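Down below is the structure, laid out as structure tokens.
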Amino acid sequence: MKITTWLKNIFTEHSTLFILITPLIIIALVTDLLDDTLTERIVITMFINLILVLGLQLFMGNGGTLNFAHIGFMGIGAYASVIFSMTPQAKSIGLPDLYPIFNPIQLPFLMALLLGGLIAAFCAAIISFPLMRLSDAAAVITSFALLVIIHVVLVHWDNITAGPQTLFGVDRYTDLWMSVIWGIGFIILAYWFKESSIGLKLRASRDDRYAAATIGINMVIVRWVAFTLSAFMAGIAGGLWAHFITSFSPKAFYLTETFVILAMLVVGGPGGVSGAVVGTLIVSIVREGLRTIESAINIGQLLPSTLVGFAEVFLAIALIVILIFRPGGIMGGREIRWLKKRPLSQKNEDGTNTTIS
Amino acid sequence: MPPSIQTTNTATLIVQDINKVFFGLRALENVSLRLQKGEILGLIGPNGSGKTTLINVITGLLPLTSGKIYINSTNLSSAKPYQIARAGIARTYQTIRLFKELTVKENIEVAAVSIGSSRKEARHQADAIIQEFGLEAWVHYLASALPYGLERRVEIARALAMKPLFLLLDEPAAGLNEEEAEELLHILELIPDNKKLGMLIVEHDMHLIMRLCDRLHVLNYGKTIGEGTPEQVRRIPAVVEAYLGSTARGD
Ligand SMILES: Nc1ncnc2c1ncn2[C@@H]1O[C@H](COP(=O)(O)OP(=O)(O)OP(=O)(O)O)[C@@H](O)[C@H]1O
Ligand SMILES: [Mg+2]
């Protein structure tokens, strides 16, 4: 009984989830069957980026304030999970200055990953509380400052990180299905969050913080919960990525990645989970396509000098064009559903002012 | 339903010697008023007399310069807006403030949720209010897609979803045509008894005020210039002068 209503809901009320998840599973299955290293690499990266974009959407899309610090929490999750997953021998080589108490600790990968996410969330919870009352320009600038701070700490705190050097010796635990399962899990979480009480309150405070306050919403708390959850997602993405790429430095968690993730969300549309998924898919595909073209041009020496940053520049231009012509992103804040659900347009249902259709 | 407040029969909103100064401009000067459950109090006065400012300080959006605000014995003078809302004061705005990217139903649900109803209870409460306000056909529309007259109605519906003890309406009939204003009057008339709340209405439409209000409170330049039943207030010279004066200035 319960299961049948639940199934029915998936196809009717919550058709969005079904429509978003199905193509992702198909992509994963095809990748699995192809068994091509490069494709798998691209697809795993895409799913990790998806988690980051979903996390950003959860705070930014529902809350309406831009957050530049997101990738910083990815970095925290990456380093924190690695500290708990590496073998003591690997740590003594890869993290020579690590605090000695951490050296002997080695946990199963999933626990290390979760701890990484929780530590990122914990840091976010502590740092962000005083910032949550800020909106608009002040919020953007402080979040940017936060990214810089996290970056500087990662670069210089070599008792935890390898400093500015590349950390190596991480075991590869993240495979295709690991990234797919987390990605899909977070789609469900982000979707559920948006419709939850707290998500609803957050969206209300995004639309009008004064009206929200005078119906009893404590915006600071609501935003803070979302920020913390969003940092947890970034932390998990960081852990997954670290155990996929196996060697990295703090540079990986800075402006380049921030820009890519923001571009994905803005292109898709920050207002909804569908926008996050669509944006990640489109930008990933376009980016890989451009990279292929770029390297083909370079290998064939079609231009007098080597071409670099073609994909990035194209992405930046795409971002500008979207912001000018479709500021709500491709999805415009709407969720994909079966056609009959939810009339959202200006047309009336009750017959007033309506011509025969 | 918050049991602590709904069971008492004597909820009173007490505003005591309120002053509000904006950079030297005294927008409110020693204003005091009381609002009881079940009654409708009209707050009137010429443009710029401080009516909206009074609602803003009561709901905590503007800090008081001095004075006190209570519900019964609970002091709300320095409470935050969300705390005041949860204590039982709901309001609407002179310039409508709906949650534009939420649907009509979500606009109403979120008010129920934010005073502590679960998502499921909120859905039922919203359904009931939607029916009461004749908004069934509009539930899935974004608030930004509503015609003006309905925006006003949704804003009142949203305020009532908080199950408030007191409802403060800032010019609910502004911008409505005669027919819509009449419809609104019929809705408003029933609210205090049906919802067991006290209602304060700011309104320039004298016809509506005279028909609706049990008592009136008149402000001019931030000062109280008259109080009493509509008949009593009509005979206060200062009130007559303020109104004639403002008409004479071409208002
Ligand atoms: N936030 C503010 N900052 C500075 N002055 C303000 C502010 N809000 C209101 N005032 C001033 O306080 C006075 C009272 O304004 P208020 O809006 O309360 O009048 P009102 O009675 O609601 O008028 P109306 O009928 O036009 O709505 C006005 O002189 C106004 O300019
Ligand atoms: Mg006003």
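Per-structure values
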item	result
Candidate set: segment B:14-57, residues that are within 16 Å of ligand 2 (Cβ to nearest atom) and open to solvent by 40 Å² or more (accessible area, probe 1.4 Å); chosen: the one farthest from B:VAL239 (Cα to Cα)	B:PHE22
Residue that is open to solvent by 10 Å² or more (accessible area, probe 1.4 Å), in contact with an Asp or Glu (Cβ under 9 Å, 6 or more places away or on another chain), more than 14 Å from every other protein chain (Cβ to nearest Cβ) and at pLDDT 95 or above, where the choices are A:PHE259, A:PHE244	A:PHE244
Residues of segment A:41-87 classified as part of a helix (DSSP H, G or I) and open to solvent by 50 Å² or more (accessible area, probe 1.4 Å), total	2
Residues (part of a helix (DSSP H, G or I), within 16 Å of ligand 1 (Cβ to nearest atom) and either open to solvent by 40 Å² or more (accessible area, probe 1.4 Å) or β-branched (Val, Ile, Thr) (or both)) located in segment B:58-97	B:ILE58
All positions within segment B:137-193 that are part of a loop (DSSP other than H, G, I, E, B) and of a type outside the set (A, V, I, L, M)	B:HIS140, B:TYR141, B:PRO147, B:LYS163, B:PRO164, B:GLU171, B:PRO172, B:GLY175, B:ASN177
Subset of segment B:11-66 [closer than 16 Å to B:ASP170 by Cβ, polar (S, T, N, Q) and touching a Lys or Arg at 6+ places or on another chain (Cβ under 6 Å)]	B:THR53, B:THR59
Pairs where the first residue, in segment B:48-68, is closer than 23 Å to A:ALA212 by Cα and away from every other protein chain (no Cβ under 14 Å) and the second is more than 10 Å from ligand 1 (Cβ to nearest atom) and part of a loop (DSSP other than H, G, I, E, B), C-beta under 8 Å, 6+ apart	B:LEU64/B:SER77; B:LEU64/B:SER78
Only listed residue being away from ligand 2 (no atom under 16 Å from the Cβ), buried (at least 21 other Cβ atoms within 10 Å of the Cβ) and at negative phi, chosen from B:LEU190, B:LEU167, B:LEU200	B:LEU167
Boolean, B:GLU121 is of a type in the set (Asp, Glu) and surrounded by fewer than 21 Cβ atoms within 10 Å (Cβ to Cβ)	yes
Count of residues meeting criterion [over 17 Å from A:TYR210 (Cβ atoms) and within 14 Å of another protein chain (Cβ to nearest Cβ)] in segment B:72-82	1
A:PHE232 out of contact with any strand residue (DSSP E or B) (no Cβ under 9 Å at 6 or more places or on another chain), assigned to a helix (DSSP H, G or I) and at pLDDT below 95	no
Single residue of segment A:205-225 satisfying the filter (of a type in the set (Val, Ile, Thr) and more than 8 Å from chain B (Cβ to nearest Cβ)) that is farthest from B:PRO63 (Cα to Cα)	A:VAL225
Pairs where the first residue, in segment A:90-118, is part of a helix (DSSP H, G or I) and the second is open to solvent by 80 Å² or more (accessible area, probe 1.4 Å), C-beta under 6 Å, 6+ apart	A:GLY94/A:PHE168; A:PHE109/A:TYR173
B:GLY42 being more than 12 Å from ligand 1 (Cβ to nearest atom) and touching a residue at least 40 places away in the same chain (Cβ under 8 Å)	yes
Residues that are more than 7 Å from chain A (Cβ to nearest Cβ) and small (Gly, Ala, Ser), drawn from segment B:100-122	B:ALA112, B:GLY116, B:SER117, B:SER118, B:ALA122
Residues satisfying the stated conditions in segment A:195-217, i.e. touching a Lys or Arg at 6+ places or on another chain (Cβ under 8 Å), closer than 19 Å to B:GLY88 by Cα and buried (at least 19 other Cβ atoms within 10 Å of the Cβ)	A:ALA211, A:ALA212, A:ALA213, A:THR214, A:ILE215, A:GLY216, A:ILE217
Checklist (1) open to solvent by 30 Å² or more (accessible area, probe 1.4 Å); (2) in contact (Cβ under 8 Å) with a residue 40 or more places away in the chain applied to A:LEU307, failing item	(2)
Criterion (within 23 Å of B:ASN72 (Cα to Cα) and of a type in the set (Val, Ile, Thr)) met by exactly one of B:ILE187, B:ILE191, B:ILE225, B:ILE236	B:ILE191
Condition broken by B:ARG97, with the remaining ones in (1) within 29 Å of B:PRO230 (Cβ to Cβ); (2) within 16 Å of ligand 2 (Cβ to nearest atom); (3) within 14 Å of chain A (Cβ to nearest Cβ) satisfied	(1)
Every residue from segment B:140-150 that is buried (at least 19 other Cβ atoms within 10 Å of the Cβ) and more than 9 Å from chain A (Cβ to nearest Cβ)	B:LEU146, B:LEU150
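The values are calculated or read from the model by the stated rules, or taken from the named source; none is laboratory data. Just so we're clear, the structure is a prediction, and the values are computed from it rather than from any experiment. Neighbour counts are summed over all protein chains in view; Cβ atoms, including those assigned to glycine, are modelled from backbone coordinates with ideal geometry. All accessible areas refer to the heavy atoms of the entire protein, side chains included, with ligands and DNA or RNA removed. Shrake-Rupley method; radii C 1.70, N 1.55, O 1.52, S 1.80 Å.
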